[in-house]
Amino acid sequence: MSVISHITLGTNDKARSAKFYDAVLGALSFERLPKPPEKPLAYERDGQMPTIYIYSPADGRPATWGNGTHIAFQADQRDMVDAFHAAALEHGGMDEGQPGLRAHYGPNYYAAYVRDPDGNKLQAVCYAEE
């Protein structure tokens, strides 16, 4: 059982975010949950929490990103990290760190960092040996 129920990220363009997150989270085996169009985007892996929600802020102000904050998604294999990074760049994301080993975090810490089209910082990390 996960200790995290859900994670919410804001967007200013739901259609753009749907294309981005379908590809990027899809590379990590997440699937978009079926929801009515007026509901936020929602993604889960293997039908398990945490659920990742993407929607416009309830207060009506523009969605913004937090400097120094990011969400790290665990990948089962290093090639999933590579696919996550490539999908992000193909779908309007920005590179924040190419896929590769980060030995200062551990001997098998293989990660990549991106920003989504709204500026939210995301990471994919794999702890498995090559």
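The values are calculated or read from the model by the stated rules, or taken from the named source; none is laboratory data. What you see is a predicted model; the values in this text were computed from it and never measured. Please note: Cβ atoms are built from the backbone with ideal geometry, for glycine as well, and neighbour counts cover all protein chains shown. When the accessible area is computed, the model is the full protein with side chains, heavy atoms only, and any ligands, DNA or RNA have been set aside. Shrake-Rupley method; radii C 1.70, N 1.55, O 1.52, S 1.80 Å.
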Once phi for every residue in region 95-105 is put through the Karplus expression 6.51 cos²θ - 1.76 cosθ + 1.60 (θ = phi - 60°), the whole-Hz ³J(HN,Hα) values, with Gly and Pro written as x, are 5, 10, x, 4, x, x, 5, 10, 4, 5, 9
Calculated [θ] (222 nm, deg cm²/dmol) that DSSP helices of n ≥ 4 give over the chain, each run adding -39,500 (n - 2.57): -6500 deg cm²/dmol
Please get the size of the charge dipole for the chain, origin at its Cα centre, with Cβ charges of +1 on Lys and Arg and -1 on Asp and Glu, quoted in debye to the nearest 20. 400 debye
Candidates Tyr105, Tyr113, Tyr43, ranked by Gaussian network fluctuation over the chain, Cα under 10 Å, top entry: Tyr105
Percent of accessible area on the chain owned by carbon and sulfur, 1.4 Å probe? 50 percent
Once Lys and Arg are counted +1 and Asp and Glu -1 for all other residues with Cβ under 15 Å from that of Thr69, the total becomes -1
For region 1-55, what is the percent of antiparallel DSSP beta bridges, rounded to the nearest 5? 60 percent
When only Cα pairs under 8 Å and 6 or more residues apart are kept, what is the percent relative contact order across region 70-130? 42 percent
Would you mind checking the tilt of helix 14-26 against the longest principal axis of the Cα atoms of the chain, expressed as 0 to 90 degrees and rounded to 10? 30 degrees
Relative contact order for region 1-85: what percent, with Cα pairs under 8 Å and sequence separation of 6 or more? 38 percent
